[in-house]
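Just below is one structure, and these are the notes that go with it.
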Amino acid sequence: MKFGIIFCLVIGLCLSSAAAQENLKIEELNNERLIKILNSSELMAENREGYVSVRIFATDNGTASAGFDNCEVSSNLLVGVSGFDEEPEQSLFEIGPFYNPKFISWLNLKEYEKEFVIRYGPMDEPKSLKLYISLKELRIIK
């Protein structure tokens with residue numbers, strides 16, 4: 001008897017999830033900024049230690065945005081941070097422009113906050129920038 005009830009529940013769950021797949025919906029999104037960001041972003045780094053997840057994306061600012069004669073581009077960094085929960089608190093920060101940004105390392109990993117280093121600039125004179133991230137803020141560490 002118990003087996004029959006469990007079997008029926010499992011079959012019912014399988015059928016209901018299969019039915020949800022038949023109701024797929026395709027929608028074109030027209031947010032120009034979102035389209036540009038998703039089509040031109042590259043994941044630079046990710047850290048999921050502790051109680052927050054941080055992802056750093058570089059998105060280019062277009063041809064000649066670096067201000068040099070050779071048409072090189074600058075990039076802005078998008079830093080997404082999310083808590084771990086059923087309905088996590090999430091934030092997205094943008095910083096830039098950077099010429100030739102490279103992720104270097106994670107520092108001071110704490111449960112709810114992290115620090116990281118970005119190197120940027122010409123290869124012969126790179127600069128480093130240390131940043132702090134939490135669910136509420138992104139800031140430069142002097």
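No value in this document is a laboratory result; all are computed from the given coordinates. For clarity, every value in this text was computed on a predicted model and none was experimentally measured. So basically every Cβ, Gly included, is an ideal-geometry build from the backbone, and we count neighbours across all protein chains shown.
A few points about this structure:
- In this rough spin-label picture, where each label sits 7 Å from Cα along the Cβ direction, the Met123-Asn100 distance is 0.6 nm.
- Calculated diffusion of the stretch 40-141, Stokes-Einstein form, Kirkwood radius summed over Cα pairs, 4 °C and 1.567 mPa s, µm²/s: 91
- Vicinal HN-Hα couplings computed from phi for the stretch 121-133 (Karplus, 6.51 cos²θ - 1.76 cosθ + 1.60; Hz; Gly/Pro x): x, x, 4, 7, 9, x, 10, 10, 9, 9, 10, 10, 9
- Length gained when the stretch Lys142-Asn47 is fully extended (0.36 nm per residue, less Cα-Cα span): 32.0 nm
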